[in-house]
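Heads up, the thing below is written out as structure tokens.
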There are 2 protein chains.
Amino acid sequence: MNEPDADAVLSALKQRGWTLGVAESLTGGALCAEIVSVPGASAVLLGGVVAYATPVKASVLGVDADLLAVYGPVHPQVALQMAEGVRGAVGIDGVPADVGVSTTGIAGPDSPDGQQVGTVHVGVVTPTASRTTEFHFTGERDSIRLQAVAAALDGLLEMLSE
Amino acid sequence: MNEPDADAVLSALKQRGWTLGVAESLTGGALCAEIVSVPGASAVLLGGVVAYATPVKASVLGVDADLLAVYGPVHPQVALQMAEGVRGAVGIDGVPADVGVSTTGIAGPDSPDGQQVGTVHVGVVTPTASRTTEFHFTGERDSIRLQAVAAALDGLLEMLSE
């Protein structure tokens, strides 16, 4: 735990005075835990939502239910709406988190929606920009989840460095 | 990852046909991630909430704001209300998760509320019982968090074995 990337993400957020919310599906909390492993994370991280069951992506994060019904949970637009939605979900006194990050994908071993195991979408929304990135990882379930965590931290860092 | 305890917890839940929600503070998603590391977790786990900032414990999990104001977030009743609240938060179509588990405590290195670093409360709520347990762990930040994850899994397993 406590990857250099998580340190760098927190430093970059702190420097801008931005708060963070984390929305996870396949990573199941591991991304948020990685961020929390950095001492002083509480200055930046408001909280996270693990929307593991598909309907929770709609009910807690506000992802469009029709989008989920048509495309399933592994889709760039779902990642984007998760990252957007968690900002409000963990907001305080009606003020959303400044930045949201999300992961959705297939860790395997099974693929309920017929998509390829290892397909992962990462979403990042900041006050000035938003982006989704698609990855195709290989390996075992835990390895795919760890690669997704690293990709999300990388994605955050990249957006914060622009 | 993938401790034997997480396997046993999921088996016990599956056997009873019960779903699970996870509410975390100091463990920051690591408890939920531990559960997700077991293949087939999706049959049981609906989702989780990392209520890291104190107000998020009230807004997302429904913990009594007065309780938080008077006692702070590290209190057995807060743990209990987090475990209770996450059942509804990750519920589907108005049906709450059957079981909720929670962690709240001080991982250190600082203790904002003056409580001892290593103090952890675990809450478990099932359809038939509820319980909170207080722990006093020693060690570094990551070690305290890992001990809290293990204690929560143990607590769940104990409640499901009764």
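Residues in segment B:96-110 that are over 30 Å from A:A58 (Cβ atoms) and surrounded by fewer than 24 Cβ atoms within 10 Å (Cβ to Cβ): B:G108, B:P109, B:D110. So, of the residues in segment B:68-95 that are surrounded by fewer than 24 Cβ atoms within 10 Å (Cβ to Cβ) and of a type in the set (G, A, S), which turns out to be nearest to B:S25 (Cα to Cα)? The residue in question is B:G72. For segment B:37-59, name all the residues that are of a type outside the set (G, A, S) and over 14 Å from the mean Cα position of the chain (by Cα). Within segment B:37-59, B:V38, B:P39, B:V44, B:T54, B:P55, B:V56 qualify. Answer with yes or no whether A:A58 is surrounded by fewer than 24 Cβ atoms within 10 Å (Cβ to Cβ) and out of contact with any strand residue (DSSP E or B) (no Cβ under 6 Å at 6 or more places or on another chain). So A:A58 fits the description; yes. Of all the residues in segment A:141-151, those that are of a type outside the set (A, V, I, L, M) and within 10 Å of chain B (Cβ to nearest Cβ) number 3.
Listed here are the residues, each with its yes/no results for (1) buried (at least 21 other Cβ atoms within 10 Å of the Cβ); (2) of a type outside the set (A, V, I, L, M, F, W, C); (3) in contact (Cβ under 8 Å) with a residue 24 or more places away in the chain.
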| residue | (1), (2), (3) |
| --- | --- |
| B:A12 | no, no, yes |
| B:T19 | yes, yes, yes |
| B:S25 | yes, yes, yes |
| B:C32 | yes, no, no |
| B:G62 | no, yes, yes |
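The set of residues from segment A:1-49 being more than 14 Å from B:T27 (Cα to Cα) and among the acidic types (D, E) comprises A:E3, A:D5, A:D7, A:E24.
Under the condition of being farther than 21 Å from A:Q77 by Cβ, of a type in the set (S, T, N, Q) and touching a residue at least 60 places away in the same chain (Cβ under 8 Å), the residues counted in segment A:106-162 number 1. Here the helices (runs of 4 or more DSSP H) wholly within segment A:2-60 that include at least 2 residues being facing chain B (nearest Cβ under 9 Å) are A:30-36, A:54-59.
Scoring A:D113 on the criteria (1) within 13 Å of another protein chain (Cβ to nearest Cβ); (2) within 15 Å of A:K57 (Cβ to Cβ); (3) in contact with a Ser or Thr (Cβ under 8 Å, 6 or more places away or on another chain) leaves a single failure, condition (3). Scanning segment A:82-110 for residues that are touching a helix residue (DSSP H, G or I) at 6+ places or on another chain (Cβ under 7 Å) and more than 10 Å from chain B (Cβ to nearest Cβ) yields A:M82, A:P96, A:V99, A:G100, A:V101, A:S102, A:T103, A:T104, A:G105.
Taken together, the values in this text are just the output of simple stated rules run on the coordinates, not laboratory data. Fair warning: this is a prediction, and the values are worked out from it, not measured in the lab. Here Cβ is always computed from backbone atoms with ideal geometry, including for glycine, and neighbour counts include all displayed protein chains.
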